[in-house]
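Working notes, structure below.
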Amino acid sequence: MINWKREDAKALMPLVFSLVLIVGMVLGFNLRDTLRSKRDINTVIARNDRLEQIVDLINEKYVDSINTDNLYKDAISGILKSLDPHTVYIPAEKLQDANDDLEGGFSGIGVEFTIIRDTIVVTSVIANGPASQAGVNTGDQFLKVGDSLVAGVNITSSRITHLLKGKQRTKVTVELRHIYPSTVSKLTITRDMIPLVSIDAGIMLKGNTGFIKVNRFSATTYKEFLATLKKLKKAGASDLILDLRDNPGGYLSQATAVADEFIEGEKLLVYTAGSHASKTEYKAEKKGTFETGRLVVLIDEGSAPASEILAGAIQDWDRGVIIGKRSFGKGLVQEPYDMTDGSEIRLTIAKYYTPSGRCIQRSFANGKEAYAAAYEKRFEADQLTHDEFVLQDTTRFYTAAHRTVYGGGGIKPDVYIPYDSVRLSHPLLSALYSSALKTVLWDYILNNKKELRYKNITDFERSFTGEKQVISNYLSTLNKKGSRALLKELSNKDINRYFRTNIKAQVARFLFGDNGYYAITLKEDNVVGKALEIIRSEEYSTVISGQGR
């Protein structure tokens, strides 16, 4: 480990937290299996004549012209301001994007891309998808989409995404520059449904331990999870590490379905209740495929509602060991209501409770700004690099083995793992997330496509030695000051190893997808390292039984 300055990473932390908060609110779980069962708000509220009268008066008498839609949006924001942080208003123009993440797919052409030198470059083409069938290849550069020029300094990822998406079975014409050979062609692609996978990786680690990374709980998560779990069991997995870090949540039904695979009998998984919502219990219903093997669940401050439901059920029934950092702390249930203009309000109608009876919602008594800034405050107080748990509710609850747990403030892990300080080095972070390194990596991959032919991930991991060349190429893009600063950082063996591992993992992702990326990065992941240590030792039983407390 190295010494690091808090201010080096402080600037990144609010951005990371804000992203998790926004996605968590948008993806926050609700009581419906799909958004197709949303309730029309007109069935539960009458027209507010006072609001209409005020808007009409402004339209008729105000000194300047006014956008009525903006008046209504401001009025709604003002009404919701005094409620909880997770009751949100989603304008009509943003609703489809919000729903796509949960529905598990969208209509598009089936490519992944990045921006290199102000040019949209295809980094991955979905096998047998619309783009693949039309002749789009990795490395191709977009010049035009329809009549829109998309090569230039003002291009953005959101703009190209908007142009490529569209209704299913509609056609879009694209102009591409191919790399091998260097030619330009115009293709017509028929849009189709493109799956949004929620399982980032499903791989075997050392021995008989499987690893599954879940990035959200969408409409297809349980189906994906079950298929991945069965493959790992077939490969010999008798123990499992389930990674829910930075998982902002999603559907309650998907989280409980996954939990049912681990928890036996008809045990309670979670229940919800509110002032105007009767108590609803969700229980295990079937024989699960992994009710007996050793289980470790990884969480952190980015693990929100549905992730916390799953982790809470596992912890309360002493079914597995929870490792990582304190979770987000969202114990509120939202239900969607349609507005007449196509927008939507997701209104908090209940709280959810883990099997032991605890609600892990953290306090928002100091306002929404303080609520959103909580993660930054934890960082400033060094709470993310030291064991910490600030009780917001001192009421004691008990697991099946009579271990003490608490509500409020999120799920406290059974084993706390602080942030690896190596990853908080400012020069290292600046390099890893720089556009210059992304460009250098991409150039290296394109220039060495023939050499980057490996039978499998294991062969790649054993034989690949290109990190040195990539680092040398990247250093050549920096000025003298930047180059000296990075070389100084890389003189630390821990930083050097982490930087090389990240470069190697990015190349592995290009060759083998996310499984390749995680196969490399997990070897330098201190949380996964601790999980492997515990799952293979007597410490696992000690934690589960409560003897370690």
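Derivation of every value follows stated rules applied to the coordinates shown; laboratory data play no part. Remember, predicted model here, so these are calculated numbers, not experimental data. No Cβ is skipped: glycine too gets one built from the backbone with ideal geometry, and neighbour counts run over all protein chains shown.
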>> Counting other beta carbons within 10 Å of each residue's own, what order do Arg117, Arg50, Arg346 fall into, fewest first?
In response: Arg50, Arg117, Arg346
> Normalised by the number of residues in the range 401-522, what is the relative contact order in percent for Cα pairs under 8 Å and 6+ residues apart?
Replying inline: 29 percent
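How high is the relative contact order of the range 105-195, in percent, with contacts defined as C-alpha pairs under 8 Å that are six or more residues apart? Please report the intermediate quantities before stating the final value.
Values: 196 pairs, mean separation 31.3, N = 91.
Value for the range 105-195: 34 percent.
State the three equivalent ellipsoid semi-axes of the chain, derived from the C-alpha gyration tensor as the square roots of 5 times its eigenvalues, in descending order and whole Å. Write out the running numbers ahead of the final one.
Details: eigenvalues 270, 236, 118 Å².
Semi-axis lengths for the chain are 37, 34, 24 Å.
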>> With n ≥ 4 as the cut-off for DSSP H runs, can you work out [θ] at 222 nm for the chain, using -39500 (n - 2.57) per run divided by the number of residues, rounded to the nearest 500?
In response: -11500 deg cm²/dmol
>> Between the range 77-101 and the range 478-514, how far is it from one alpha carbon centroid to the other, in angstrom?
In response: 39 Å
>> For the range 264-296 and the range 517-532, what is the centre-to-centre distance using only Cα atoms, to the nearest Å?
In response: 29 Å
>> Which entries of Lys455/Lys523; Lys81/Lys279; Lys450/Lys480; Lys377/Lys493 have Cα-Cα distances beyond 22 Å here?
In response: Lys81/Lys279; Lys450/Lys480; Lys377/Lys493
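Taking the square root of 5 times each eigenvalue of the Cα gyration tensor, what semi-axes in Å does the equivalent ellipsoid of the range 105-195 have, largest first?
18, 15, 12
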> Relative contact order for the chain: what is it in percent, counting Cα pairs under 8 Å that are at least 6 residues apart?
Replying inline: 15 percent
> Which order results if Lys493, Lys267 are arranged by neighbouring Cβ count within 10 Å, fewest first?
Replying inline: Lys493, Lys267
> Are there any helices in the chain, counted as whole DSSP H runs, that stretch 24 Å or more along their axis by Cα and score at least 0.5 on average by Kyte-Doolittle, and if so which?
Replying inline: none
>> Just to confirm the filter: which chymotrypsin sites (Phe, Trp or Tyr not before Pro) across the range 430-466 are DSSP coil and have at most 11 other Cβ within 10 angstrom of their Cβ?
In response: Tyr433
> In whole angstrom, and with the biggest value first, how far do the Cα coordinates of the range 223-330 range along each principal axis?
Replying inline: 48, 30, 24
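Can you sort Val88, Val55 so the residue with the fewest Cβ neighbours within 10 Å comes first?
Val55, Val88
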